[in-house]
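The values are calculated or read from the model by the stated rules, or taken from the named source; none is laboratory data. These numbers were taken from a predicted model, which means no experiment stands behind them. Cβ coordinates were reconstructed from backbone atoms using ideal geometry, including for glycine residues, and neighbour counts include every protein chain displayed. Side chains are part of the model used for accessible areas, which takes the heavy atoms of the whole protein and leaves out ligands, DNA and RNA. Shrake-Rupley method; radii C 1.70, N 1.55, O 1.52, S 1.80 Å.
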Amino acid sequence: MLSRRDFIQLAAATAAIVPSGWRSAFAQQRLTQDDLLRFQPLGNVTILHITDIHAQLRPVYFREPSINLGTGEVKGLVPHITGKALLDHYGIPAGSADAYGLAYPDFAALAKTYGKMGGLDRVATVIKAIRAERGDRVLLLDGGDTWQNSYTSLMSKGQDMVDCMSLIKPDAMVGHWEFTLGTDRVKEIVDSLGFPFLGQNTRDTEWDEPAFKPSAMFERGGVKIAVIGQAFPYTPIANPRWMIPNWSFGIREDDLRKNVEEVRKDGAQLVVLLSHNGFDVDRKLASRVEGIDVILTAHTHDALPDVVRVGKTLLVASGSHGKFVSRLDLDIQGGEVKGHRFRLIPVFSDVIAPDAEMAAKIDAIRKPHETMLRESVARTETVLYRRGNFNGTLDDVICDALIAERDAEIALSPGFRWGASLLPGDDITREDVYNATAITYPNAYRMTMTGARLKEIMEDVADNLFYPDPYYQQGGDMVRVGGMAYTIDVGKPGGQRISDMTLVRTGKPIEPSRDYVVSGWASVNEGTEGPPIWDVVMNYLTKKKVVAPKELANVRVVGA
């Protein structure tokens, strides 16, 4: 009987794959670890980038978005093309292994062929192999969203991830969800890391001074490299301000410009921005701030199989959940980038061997909780996923749970991008629920809102997402809604995008002056009361036993 690894190798051998970029690995007779890591080295510096792991120690399924709309000048540009359009743009054959990793079409079928992706023990294998090959030329950078959003990270206040990441020894990192651990815990971890936690755009409001080091200097391959850090600029808006009351954020373009000038004066031959801005913010930033050679993007979870060039700046998008490791080789001569070579390395967990040291650490962390985490609470008959501008099917399950368990008419769930996917027929385990809900402010509230207030909330979130200037896009994806249908015209100006709001159970229009019972979670307001969202969802699933949500059942998108 074929093992999954053998089956993947056989499937790869029979797939129609074009030999360009990292896709060439799958044109070999057998899909092997060596194929995935094969790379023609270039120059004197190798940058490795990982980001948005969201505390996922083990391999996961993760479906890429079907809708990822761009507005204004970025409409129709990567990463705002998805599915077949994305595959066609990069010349990727449908049904191939790289199509599975990068796009949503045929996700369930391809997932059964190619298996899960990621796993920090597999990521460790990739990193160690490249370090062994390139020696002192390698710089490993972590783009943040590392310490939170799983059960073990929640219970350990991020210590599980800190301990595991210490085994692969990043050279620097930045943050976003890290800050939801609160000021004291973040300071405690940062003081013990052993490598820089950077943030040129994060300031201590009490003393009006940098809260973290703005940059760090490294020498790799004889090249002096400056890494400037950029935390998520809207952390106190997207997440609770009360958890970090004395830190302020922002894009701080002028400060960044000054930091670039300073590191250049200090002799930096290569300037890297390790950013958690989001891709569109970084694209605009690259067009406005001179002297940055490379921007390692994060936050928006985009995975692109090639760099995007803006002037002289190279933008790298490395995906999320440990699915990929980006490798960027650079030829630096005379303080300039004379050449580059890039590969988005797919971390197929059934092909890449787990690193023994990391695997042992992960097993030890999970052992006390493994039985509980594996317990099934229900089953799904359709793909459950979250990633995309509007409701994913996993969000629909959460919203249905809020309505049923909190006796509400309408449910609101945040537009988070993280959370693993499940395939039709999969058991939904307690771990699956935690992977979609594990945050430090989980209370599921129940309150009344007028129809007018609901529309105001919807319009505000839509404006944060679809404002034409990316500098004013301040959060995640569109708020997920249950119990209410609506139409959104993304091309209209702020305050005019949402229409046709309808209460699903009655089919009647939402009345501006009427009060509706609303339940939601992840409120940024201090003192929010209610049961933790994971208990709400697990109680609902235990009673429901089987779920089968349909895609975008209650959202109509126009003007895209």
Looking only at the stretch 452-471, filter to residues that are more than 20 Å from M484 (Cα to Cα), in a helix (DSSP H, G or I) and not hydrophobic (A, V, I, L, M, F, W, C); which one of those is most open to solvent (accessible area, probe 1.4 Å)? N464
T71 meets each of (1) within 30 Å of Y471 (Cβ to Cβ); (2) at pLDDT 95 or above; (3) open to solvent by less than 40 Å² (accessible area, probe 1.4 Å); (4) out of contact with any Leu (no Cβ under 7 Å at 6 or more places or on another chain) with one exception, condition (2)
For the stretch 105-123, name all the residues that are buried (at least 24 other Cβ atoms within 10 Å of the Cβ) and out of contact with any His (no Cβ under 7 Å at 6 or more places or on another chain). Y114, M117, G119, L120, D121, R122, V123
For G76, indicate whether it is out of contact with any Ser or Thr (no Cβ under 7 Å at 6 or more places or on another chain), more than 30 Å from I365 (Cβ to Cβ) and not β-branched (V, I, T). yes
Given the conditions (1) among the hydrophobic types (A, V, I, L, M, F, W, C); (2) outside any strand (DSSP E or B); (3) open to solvent by less than 40 Å² (accessible area, probe 1.4 Å); (4) out of contact with any Ser or Thr (no Cβ under 8 Å at 6 or more places or on another chain), which single one is not true for A360? (3)
Cβ-Cβ under 6 Å pairs, at least 6 apart or on other chains, the stretch 76-102 side within 21 Å of K284 (Cβ to Cβ), far side in a loop (DSSP other than H, G, I, E, B) and of a type in the set (D, E): P79/D302
Neighbours by Cβ (under 8 Å, 6+ apart or cross-chain): first from the stretch 215-242, in contact (Cβ under 8 Å) with a residue 12 or more places away in the chain and farther than 19 Å from N201 by Cα; second open to solvent by 40 Å² or more (accessible area, probe 1.4 Å) and in a strand (DSSP E or B): F218/K224; K224/M217; I225/M217; I225/E219
For the stretch 371-387 the number of residues that are crowded, with 18+ Cβ neighbours inside 10 Å and closer than 17 Å to V60 by Cβ is 7
Unique match (being closer than 30 Å to E336 by Cβ and at pLDDT 95 or above) among P240, P214: P214
Please work out which residue is nearest to L69 (Cα to Cα), limiting yourself to the stretch 263-289 and to residues that are out of contact with any Gly (no Cβ under 8 Å at 6 or more places or on another chain), free of Cβ contacts under 8 Å to residues at least 40 places away in the same chain and open to solvent by 10 Å² or more (accessible area, probe 1.4 Å). R288
